[in-house]
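Written out below as structure tokens is the structure these notes cover.
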Amino acid sequence: MKLKGTQILLEVLKEENVDIIFGYPGGTVLDIYDQLYKSDLKHILVRHEQGAVHAADGYARATGKVGVCLVTSGPGATNTVTGIATANMDSIPLVVFTGQVPTGLIGNDAFQECDITGITRPCTKHNFLVRNIEELASTIKEAFHIARSGRPGPVLVDLPKDVMATQTDYDPANVKFRNYEVAHKPAPKKMAKVFDMLQAAKKPLIITGGGVILGKASEELTHLSRKYQIPVTGTLMSLGSFPGSDALWLGMLGMHGTYYANMAVSHCDFLLAVGVRFDDRVTGTIETFAANAKIVHIDIDPSSINKNVTVDLPIIGDTKATLKDLLRFLEEHHYAQDAASRKTWLDEIDEWRERVPLTYCQNGEVIKPQYVIETLHKLTCGDALITTEVGQNQMWTAQFFQFDRPNSFISSGGLGTMGFGLPAAIGVKCAFPDKHVVDIAGDGSIQMNIQELATAAQYNIAVKIVLLNNGYLGMVRQWQELFYEKRYSHTDMTYAPDFVKLAEAFGIIGLRATKPSEVEAVLKQGLSVNKPVLMDFRVSREECVYPMVRPGESISQMTLGSREMIN
Amino acid sequence: MEKKAHVISILVHNKPDVLARIAGTLGGKGYNIDSLCVNTTTQNDISKIVMTTAGSQATITRIENQLQRLVDVISVDDLTNVESIYREMVLVRLNLTAQNSEPVKKAIDMNKWKVIVSGDKYVIVEITGDKTQIDFSLARLESLGITDITRTGLIALKLED
Ligand SMILES: Cc1ncc(C[n+]2csc(CCOP(=O)(O)OP(=O)(O)O)c2C)c(N)n1
Ligand SMILES: [Mg+2]
């Protein structure tokens, strides 16, 4: 069958089961857009290419599938860079197609030419420039394969205009590409070591990470914890991988982790870390991190092992398959925890939990942001897909919305990209039109991709924006309050649009709450309509996120706000 | 931890930008490449890169792991920990003058340097050897008046698999 490059692209997308793409047209992709016009593939026209990548990213995080976007060359391509770097830091599978000037003009500084493969080399898992039509189908196939295999990540495919206009014979059966999938290798000797370590442990603890969600290993991890009564803490990226409502869940650890999670890490004598990379926000000072523990680290990426924290036993492997092996080994060798010592450990943790619970104080006439999040959780019974922006809004969401299911907390962890939440929510809602999809936002962040309200309005993508409007770049202001003697240098955001009017100008619904008594009613109203809604909650301006571990301190040294420093 | 030179041998798929990826991976993470040699193997689509970089064992392991993550990298081998042979090559041009032509010819004979081109005004010699041998030869040539040199990166081969 003779097909043009543009037709081959759409054929391969179909074979890869792509049901939606997010994009923005331009000169070098006109031919592809012309082909799209004749096709039934769903395309969402965003309002900025960064939005396209975040939307595809949100879609990928919520479904576990590969997210796809399409943009033009030059500025279209450079606009994707923040989105790609965001996905790369969190290992999210994406395929980003960029238009490119015709091959004959590459290197000539042609109109809207840019070396996008050069620019994105350090922030993609891999990228390709397709130099001729013969490599097109196999390159696209390979791109999807690379994006989702092993430790996932974004892959960029640069498509010169002339290549896409050329015809060639296309037979899907003849498309060959390299296979990068490494077969899982069981490691029985290592399992035996874990067995011995667990047997010797009096205070075991599990840290779950984003790798548990990416590896679809939540069930195994939950089973391991519940069966042997091992408490669990987790990183920001792990939220939902272990049920937040379970008594064995200690909440997040690290800089804004719970007191009891950080204390448990600091006192445990055995630590099983699954799919984590020991980011500095998680560990605090490395020297004192889990200083009393034997550490076992399971991760699919050898470069994560011993990168930040030196561990006693590294196990390189897929999180799901490795946890399965471990569960089988423990069962076959009749591991049973010593009930008395386990009870002592869980009691010790409960004492910490009672001493400093995760809490806030909703009194007076000012709305506390945490109260908005808790009420949202109550009204949705936790059955919602939540995206966040970056800053205090993100940390309060992590602390106060209990996530019971994987792929339900969608947030830019590694790069911390303000402006992620709204377009990501659009992508999530496209995948799950019948679910509540809520972007918990900050007033600074929401303005970074606010143009995507038009996208939501155009397609009636009924995302809900819960804006925690404190009139500040709150998280930066918090650091200025704590470490710069309240010199609020350029963090005041009171000069902002009237968000309700702005929502209406975009053709969506705008609501506002200024008193605690209005919070529930506004949320109920916002959640009840099948339209995009922006809810502007005027919250306490100088509320801080606590506990907080100061940078450069050990995670057992937490600042607890109004309370004394406890350790 | 002790910093020492490591020779790393990398097999890669011979793709247009594979060298840029490798150099970028190291440069982007703050590691320096001290010497580099690249060419195809007996298979045209597979190249071998031999690279010298200095660091503690922990740093080198980190570099190896980072390289291994690249899609086009087939294998990464630190040759410093196994028995290997090392070679570099240098081409040297010496402009001949009334004063130096006799001593130059003598030195060439004595050291068995290979003469590639020999003219009235200049001579070009080729020297191969390990790093110490080359450094030694260059020191001698220096006194005779080197005009220009080109020195390859280090190549290496391990004795056994
Ligand atoms: C693109 C980008 N620029 C700057 C930052 C640095 N930064 C981190 S949090 C923050 C403040 C966010 O303010 P807002 O969205 O209002 O959230 P709040 O902390 O007030 O909840 C800033 C500026 C960032 N993370 N991302
Ligand atoms: Mg704010």
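The values are calculated or read from the model by the stated rules, or taken from the named source; none is laboratory data. Quick caveat, the model's predicted, so the values are computed rather than measured. Note: ideal-geometry Cβ built from the backbone for every residue, glycine included; neighbour counts use all protein chains shown. Heads up: the accessible areas ignore ligands, DNA and RNA and are worked out on the full protein's heavy atoms, side chains in. Shrake-Rupley method; radii C 1.70, N 1.55, O 1.52, S 1.80 Å.
Things to note:
- Over chain A, relative contact order from alpha-carbon pairs under 8 Å, at least 6 apart, %: 14 percent
- Mean Cβ count within 10 Å, highest first, over the residues of peptides B:134-141, A:304-311: A:304-311, B:134-141
- Here residue A:501 is the anchor, and the aspartates and glutamates within straight C-alpha reach of less than 14 Å, apart from those fewer than 8 places off in the same chain, are A:536.
- Three-way shape label, chain B, alpha-carbon gyration tensor, a/c 1.5: prolate
- Complex-versus-alone comparison for segment A:94-129, residues with a loss of 50 Å² or more in accessible area, probe 1.4 Å: A:121, A:126
- Stokes-Einstein diffusion for segment A:450-520, with the hydrodynamic radius set to the Kirkwood value over Cα pairs and evaluated at 4 °C in a medium of 1.567 mPa s, equals 91 µm²/s.
- Stokes-Einstein diffusion for segment A:286-398 at 37 °C, viscosity 0.692 mPa s, with a Kirkwood radius from C-alpha pairs, works out to 174 µm²/s.
- For segment A:79-161: rounded, prolate or oblate by the Cα gyration tensor [a/c cutoff 1.5]: oblate
- Carbon plus sulfur fraction of accessible area for segment B:52-102, probe 1.4 Å, in percent: 49 percent
- Helix-only mean residue ellipticity at 222 nm for chain A, each DSSP H run of n ≥ 4 adding -39500 (n - 2.57), per residue, nearest 500: -11000 deg cm²/dmol
- Prolate/oblate/rounded call for chain A, Cα gyration tensor, a/c under 1.5 rounded: oblate
- Taking the helices alone, chain B has a mean residue ellipticity at 222 nm of -9500 deg cm²/dmol, built from -39,500 (n - 2.57) per DSSP H run of at least 4 residues and averaged over all its residues.
- Whole-angstrom gap from segment A:159-186 to segment A:284-324, using each part's C-alpha centre: 35 Å
- In this structure, the amide hydrogen of residue A:269, modeled 1.01 Å from its nitrogen in the peptide plane, lies closer than 5 angstrom to those of A:202, A:203, counting only residues at least 5 positions away or on a different chain.
- Accessible solvent surface per residue of the protein assembly as shown, calculated while the other protein chains remain in place, 1.4 angstrom probe, Å²: 43 Å²
- For segment A:401-411, 3J(HN,Hα) computed residue by residue from phi via the Karplus equation (6.51, -1.76, 1.60; θ = phi - 60°) reads 9, 7, 9, 9, 10, x, 6, 10, 10, 10, 8 Hz, glycine and proline entered as x.
- A simple rule links phi to the HN-Hα coupling: the Karplus curve 6.51 cos²θ - 1.76 cosθ + 1.60 with θ = phi - 60°, which for segment A:248-262 gives 7, 7, 9, x, 6, 9, x, 3, 10, x, 6, 4, 6, 5, 5 Hz, with x for Gly and Pro.
- Measuring against 25 Å, Cα to Cα, the residue pairs A:141/A:435; A:42/A:161; A:343/A:368; A:378/A:435; A:65/A:161; A:161/B:15 contain A:141/A:435; A:343/A:368; A:65/A:161 as the ones spanning a longer distance.
- Using a Förster distance of 41 Å, the FRET efficiency for residue A:340-residue A:363 (Cβ separation, nearest 0.05): 0.45
- A cut-off of 5 Å between modelled amide H atoms, ignoring neighbours fewer than 5 places along the same chain, links residue A:417 with A:412.
- Note on exposure: A:536, B:17 ranked by accessible area (1.4 Å probe, complete protein assembly) read B:17, A:536, with the most exposed listed first.
- Segment A:489-561 versus segment A:22-97: alpha-carbon centroid distance in Å: 29 Å
- Counted charge near residue A:469, where neighbours are those whose Cβ lies closer than 10 Å (Asp, Glu -1; Lys, Arg +1): +1
- Paramagnetic reach from residue A:524 in segment A:419-454 [backbone N under 19 Å; point 7 Å along Cα→Cβ]: A:436
- Listed by chain and number, the aspartates and glutamates whose C-alpha is less than 19 Å from the C-alpha of residue B:3, apart from same-chain residues fewer than 8 away, are B:34, B:64, B:77, B:78.
- Remark: accessible area buried at the A-B interface is about 1200 Å², both chains counted, probe radius 1.4 Å.
- Considering segment A:176-255 at the alpha-carbon level, its Rg and Dmax are found to be 15.1, 53 Å.
- Based on Cα contacts under 8 Å between residues 6+ apart, segment A:473-549 shows a relative contact order of 28 percent.
- Burial of accessible area (probe 1.4 Å, heavy atoms of protein chains only) in segment B:2-43, relative to its chain alone, reaches at least 40 Å² for B:21.
- Each other residue within a Cβ distance under 12 Å of residue A:188 adds +1 if Lys or Arg and -1 if Asp or Glu, for a net charge of +3.
- Bridge orientation summary for chain A: considering DSSP beta bridges with both residues in this region, about 10 percent are antiparallel.
- Using the alpha carbons alone, the radius of gyration of segment A:1-76 stands to its Kirkwood radius in an Rg to Rh ratio of 0.96.
- Look at the stretch B:63-73: the mean tally of other chain Cβ atoms within 10 Å of its residues' Cβ atoms is 4.
- Over segment A:1-144, all Cα pairs binned in 5 Å intervals from 0 give whole-percent P(r) values of 2, 10, 20, 25, 24, 14, 5, 1, 0, listed from short to long.
- All Cα-Cα distances of segment A:138-201, cut into 10 Å bins from zero to the largest, leave 16, 28, 22, 14, 10, 7, 2 percent in each bin in turn.
- Over chain B, relative contact order from alpha-carbon pairs under 8 Å, at least 6 apart, %: 28 percent
- When the C-alpha to C-alpha distance is required to be over 25 Å, the pairs from B:131/B:158; A:294/B:158; A:14/A:176; A:4/A:38; A:193/B:158 that qualify are A:294/B:158; A:193/B:158.
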